Structure formats: C-alpha cells, structure tokens
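Notes follow the structure.
The values are calculated or read from the model by the stated rules, or taken from the named source; none is laboratory data. Owing to the predicted nature of the structure, the values given are computational and were not obtained by experimental measurement. Please note: Cβ atoms are built from the backbone with ideal geometry, for glycine as well, and neighbour counts cover all protein chains shown. To get the accessible areas, we keep the full protein, side chains included, count just its heavy atoms, and leave off ligands, DNA and RNA. Shrake-Rupley method; radii C 1.70, N 1.55, O 1.52, S 1.80 Å.
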Amino acid sequence: RRGFAGAALIEVAAASYGFLPPLPADPQKALFGADHVGLRDWLRELVIDIPAGEKFAMMGLEEITLVGGSCSNMTVERLDHADNSSGTLLKFDLGLSGVGIRCHVDAQSDGTLTIDLVVAGSQLNASVQVHPMLIQAFPEMPLPFGHLNLSSCQSDLVVEDMVITGNSSLAQSIADFDRSLLASLVGGVVNEPLCDGLKVLVETRGTESVGLVPGILEPVLVPPPALPAPLRVQPPRPTVDWGAFPPVIVLKRLLAERFPLWGERIVQILNLHSFNAVLASTENVTLALRQLHIEGVGPSHRPGLSILGEGEDLGVAANLKDLTLEATLVLEVALPGQPVLVEAVLIKVGLDNATVRARALFDRSRFGPEVLDHEVSSPACLVQCAEGIVVPREDSIAVTELDISLRPVLEVTSFGEIERDVTGLANTLLHAVFDGYLPAVSALARGGLGLAREPITAQVWEVFNALPPCAEEPGLLGMDSGAIEGLPVVAMVIFVSGLGAAAAVRHAQLQGRIGPAGPASEVCLARTAAVPPALGALYPFAVVAVMFLFYYADLAVGAVVSLVMDADGQRTKMGPVFSFSLLSTIIDSLSSGSWVISVLTLLLSGLWPHVKLFLLLAAWLVPPCRFTRKARRRMLTFLDTWGKYSFLETWFLVFSMSAFAIEWHSVGEQSSLKVQTTPLAAFYVFFVATVLTLILGHVASECDARAGMEADPERPPSVSE
C-alpha cells in the first residue's frame, strides 16, 4: 500500500471520554525511569539549613539565639486545603497532618546550647492571604504575587524525643530532666513560638520569594512576536498561494457545509508526545513543557473546524464542544547539595477556541496545481518541494501561531499519595487564580504556547531530517518497479519460445522425424495420440508464462485511489492516496481484523492459481506409472470446478471501486471532490491470467477425456466431457 504524505493535522475518532491514552501504572517512572525519586522520598532526603541570627525565648527562660543547624527526614501524611478567596485577594486555609521532622540546632544563650529533637504525628493549620501585585510593564494586568499574610496559625507539635546539651545555664538546668517529660513540655510550649516564627518566615522570606516570580513570568506575558521573515534565495522562486490552492478551497467548503460528519466525534487538532520546551527557569528551578494535546468533540449543529489558508500560511482553527488542552509539565528542582526533584504534572485547560498556523513555503513549479503524484508519495518528497526557497531550509516550514481562548475548566493531576494532595492544593490555588486573574492566566497561556513554537518546529524538522531520501518506493518483497514491470515481458518471451518449440515439433512431424504416440496407459498426457505433438510442446511453456503473469499481478499495484478536486474553475488531482495489490490486500485486511477476507484472498487468489498451474503441469507431464489416469481425471475435474474461485481478488477490487465511488459538490457547484479508483495494468493482467488458467484447465481436461476414450472406447464419458 502506498502512503499519502499529505495526511491532515486533523484526526477523527469515535467519541469517548478521556482525551489522552490510558496512563501507565506509574507515569513518573515511565517518563523518568525506575530510579525516579518521588516527592515523599525527596522530602525525606531533603536537608533544610536553619538560618543563624533568629532569636526566641524557650519556656520563659533566657533568650536563645540560633547559630545554625539543619532539619531532615521530613514526612507529611496529609495535606488539606480550602479556598476562601474573594476576587484578586486570595485566601487559603491549609492543614498539615502527620508531620514529622528530625532537627539538630546549634544556639547560644549564656553559653553553648545544642538541641536534638524528633517531631512526629504533628499538625499545623494556617490561613494564608496573597495580595495582588502590579508590575510596571503590565499595569492593567494584576498578578497573584504580592504580599503574603499569615492571618491565623494553630500548631499541635508532638515532640517524640529531645536532647539538650551544652554549657549554658538552660542546658545545665534541664540536664536531669526525663527525656520524655522534657519532650512533652517542649511540645506544649513551642506551638506559639512556632507560629510566630512561621508568620515571620511567610511574611518576609515568603513574600520575597513570591516577588521573584513576576520577573520570571514577565517574558511569558509579552504577546508572542511574529517570526522574522525568512531569508529568500535569489532570485526568489514563486511559492504556492494556499488561499487559491484548489485542495484547500475544497476542504474549506467541505468543512463549512458537511460539519455534521464530525458531529459527536473527537477531533484532534494537535498531538505532540515528546519534545522539551522550557517555559520558565531560574538557577535552581526549571519548568518545561513535554507533551501537548488539543482536541474536542465536533458539534452537530454548527461548523466546528475551519481551514486557514492565506498566502504562504496554512493552519486550522477549532471551535469545538469540550475543547481541551492537555499538557504534561515537568518541574525540576535542583538545590545545591540536595537530591534533584523531578515531577510530572498533567494540566487540563478548557478552551473556547484554538488556532494553529504554520508557514509553508512550497515551490510552485514543483507543487503544481494540475497533478500531485510524486510530490505527495512520501513525507520526504513533500519536504523536497520546500527546498531551495529560503536559507536555512528549516525556515520554509515553521509554526507561526499557537493561540487559544480559555474557558473556566482547569484540572491538575499528579501521581503518588502526597503528590495527589499537593496537586489537589494546586487545583484549589489555580481555580482561585483562574477566577480572580483570568486575563493574566490567558496571557500566560498564550505566551507559553508562543515560546513553544520554536521547539515544536525543531521537533518537526528532526522528524523530517530523519526521513529516508525521497525515492521511488521499492516493490513488495524488495523488488524494484523495473523488475516487477519486466515480469510480463518474461512471460511473453517464454510463450514465444513455446510457439517456437511447437513450430519445430510440427515441422519435425511433417518430415516424419517424430515417432508414433505411445499408449495412454504408459505415457504422459502430452505424449498420447489425443494430443497433437505441437500442443504437447507448447502447453508447458504456456503454463509457465501464465505463472509469470500471476507473479506480476501479485507484486504490482492493481489499482490506485486518487482525489480529484475542482474549485473555481481549477482542478487538482492528488494521489494516489491509496493503492491496492494482492499482497497489500492480504496484509491490510489482516491488520484491520478482517481475517476472513485476508485468508480467502491468500488462499484463493494468492496460492490457488499457482497450485492449479503446478497441478496442470503434473497432469500434462507425469506418466501414469507415477500418477494414475483415474487420479489425473479426478484432479482435472476438481480443477475445472474450483478454478473459477481465483476471481475473488477481481471481485474484491470491483467491490472496492464501488465502495470508494464518493463524490461531493458544494452548494452552487463551485467546488467538488471526487474519490476516483483507477484499475492499473496488473488488475487486467490478473484477470487475463485467471481466464488463461481456466482455458488451460479445460484443454487438459479435454485432452485427458480423448485419451481415455482412445484407450477404452467402452468407457462412459466423464464429467469433464
């Protein structure tokens, strides 16, 4: 089967719920390998340095000044959240339960103080407010990265173990305390200082950290600039005007008039599975886009798709039901001296509409409007039509626009127990941000897609550059087309050689150089008196010649399917978009699940004609001592009865021609589309070879019947007679 390089960006499938393919059991490991470290393990391995200089009072005693230390082995069993936001003022209630951590603290009071404590099964409830922030470049577009307030805090710290050492008076005074009693005392009195310290941490360092985000996102907020004009080769070559190209015009009008064809079916606009577009990056944090998928359900009461063809740009715009963008984001956190956290997050965003547009510069002289055959025979040949127009050639095909309009549907998904809680919090945060900051979210989405244009174009060209060179496709079984086309010539040479042999035998017979025929009970059918010597010599050559005709019919393309498009007085014939041969029919039927047709075609049209011809040779040349006359008679009767079933492939092609006979005319007859099936020489050769096989079978049956009557005149006529 011959492929069609101009496969559309749109794919239509049966409607179903759930846009992406089924996820593997552990998507994180599927993306990043078996050594992937999850968030829970990362928190356990994370080492948090305790800042020096902070001061606090412990149990009403001396003031303690932190010198340093670290905390590790952090655990969180559950994360609860609630949204109490109002407009652009975001407010979230957060609850941590099952919190555990192990800390080592170095401090000073009136001497050295070392504290080692283990916290487990603790709880922390807090309310955080996020105020809007205006940046100078976009004063009309507030962002949710302003001042942070910790409006409430409740802590229930459970200290499992605590050891205090040092030469300070505090260390000396509690040296004889029971460790469990000390742990319970500290757990009861440290809750308020903990909340006080957390309030300072959130409202100072938290606000400072959040304030860095607008600087990272500011380049994304800027509307994506237009791609620079490509550098054209001089003298410039004329390129295809897609607005006047008949296939584009026909497809536009077909989608506008026959939109119910896509009603309630999933329409895929964009599907990119493996690329890497960095959306935001700092010294320690990187956010990249790995997968991008846009699809929706075709409406049944209005057009949902439109083809964009104007000048040198070609694209598609979608306004579908349940139009959704699904993306896989990869967050990488690489802190100095810490394990690297890599997390995949799936984001689903609802869209009102989506537009994908690309620059497509094709040489008009090589991409002519009349017939497109070799140009669309493979992707490599299609790309070849874009060469020699601009420098570098990668600028000839480039994504120029990825635009979307959002609707209020947003969902974030991750994997793992704690990851699900975190993404649940992320969903709550994002929904609040979505409601209060929709213009900023829309701008960020457009800007992120704008940044993805170049990586998508680079990925497309990686695929193009990996394609084999544009060349005529090899025939089936690795034979080139020249060898296949030479098979009928071989058949003709064999048959002419048979005619020469028959003429030589006839000449020798007339000169009396050929002895009398032998008895039918002793010699092969070709040597009996019922068979003229010239026919006896010609018959094997004819059988072998027909064999080569079948070889040609089986290996060559029997029919092609083309698209004929008329628009505003111009016609373009594109294709073949599909082709038939005996082997491709068998393979395609089997791969599509039609194994009955595949098996019948293989047996009746593939193997049976050759088996019949070999049996005819055996009936003609094998003597009765090895193949009795009775067995030969029965075999020839069987071949006469069942030989006609070799026409199955011919019937299948005629049926396919009827099935593909599709024609559409637009309103006013300004445009039309016709699916045209054209039989080729191999189809007629197969038909002729099948008829010749039947004729050869009847000849052998008739000669056998006559030989039998001469050997036994009293024998009643056989079925073949």
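A few points about this structure:
- Solvent-accessible area per residue in segment 405-458 equals 41 Å², computed with a 1.4 angstrom probe and all protein chains kept.
- Packing-based order for 101-110, 228-237, 77-86, using average beta carbon neighbours within 10 Å, highest first: 101-110, 77-86, 228-237
- Partnerless cysteines, meaning none of the other Cys C-beta atoms lie under 4.7 Å away, in the chain: Cys385, Cys524, Cys625, Cys703
- Taken over segment 309-357, the convex hull of the Cα atoms encloses 100 Å³ per residue.
- Proximal lysines to Lys321, defined as alpha-carbon separation beneath 19 angstrom and excluding residues fewer than eight positions away on the same chain: Lys348
- Rel. contact order, % - alpha carbon contacts under 8 angstrom, at least six apart, the chain: 11
- Using the Cβ-Cβ distance between Trp595 and Gln570 with R0 set to 35 Å, the FRET efficiency from 1/(1 + (r/R0)^6) comes to roughly 0.20.
- D_trans [Stokes-Einstein, Kirkwood Rh over alpha-carbon pairs] for the chain, 37 °C, 0.692 mPa s, µm² s⁻¹: 98
- Dipole orientation for the chain: of the candidates Phe434, Val186, Val654, Val654 has the Cα lying most toward the positive pole (charges on Cβ; Lys, Arg +1; Asp, Glu -1).
- Inter-label distance, nm, simple model (7 Å from Cα along the C-beta direction), Arg258/Lys630: 6.4
- Net length gained if the chain between Asp373 and Ser86 were fully extended (0.36 nm per residue, minus Cα distance): 97.2 nm
- If you take the alpha carbon atoms of segment 503-639 and fit the smallest convex hull around them, that volume is 168 Å³ per residue.
- Calculated [θ] (222 nm, deg cm²/dmol) that DSSP helices of n ≥ 4 give over the chain, each run adding -39,500 (n - 2.57): -11000 deg cm²/dmol
- Between Leu231 and Ala137, the modelled labels are 2.8 nm apart [label points 7 Å from Cα along Cα→Cβ].
- Within the accessible area of the chain, the carbon and sulfur atoms contribute 61%, probe 1.4 Å, all protein chains present.
- Take the Cβ atoms of Gln123 and Leu499, set R0 to 60 Å, and the FRET efficiency comes out at 0.05.
- Straightening the chain between Leu181 and Ser152 buys 7.5 nm, computed as 0.36 nm per residue apart minus the Cα-Cα spacing.
- 5 angstrom amide H check on Lys321, placed H, neighbours 5+ away: Val297
- All lysines inside 26 Å of Lys573 as judged from Cα atoms, apart from same-chain residues fewer than 8 positions distant: Lys252, Lys674
- Spin-label model, Ser281 to Val611: label points 7 Å out along the Cα-to-beta-carbon direction sit 6.5 nm apart.
- With the charge dipole of the chain set up from +1 on Lys and Arg Cβ and -1 on Asp and Glu Cβ about the Cα centre, the Cα lying farthest toward the positive end among the listed residues Ala682, Ser152, His301 is that of Ala682.
- Placing R0 at 60 angstrom, the Cβ-Cβ distance between Glu192 and Val667 gives a FRET efficiency of 0.15 after rounding to 0.05.
- Between Val654 and Thr165, full extension at 0.36 nm per residue minus the direct alpha carbon distance yields a gain of 166.5 nm.
- Under 12 Å from the Glu208 label point (7 Å along Cα→beta-carbon), backbone N, segment 127-142: none
- About the centre of its Cα atoms, the chain shows a dipole size close to 4660 debye [charges on the beta carbon of Lys, Arg (+1) and Asp, Glu (-1) only; nearest 20 debye].
- Protection-proxy order for peptides 312-319, 300-307, each taking the mean of Cβ atoms within 10 Å per residue, highest first: 312-319, 300-307
- For the chain, the longest principal axis of the C-alpha atoms and the axis of helix 417-436 are separated by about 80°.
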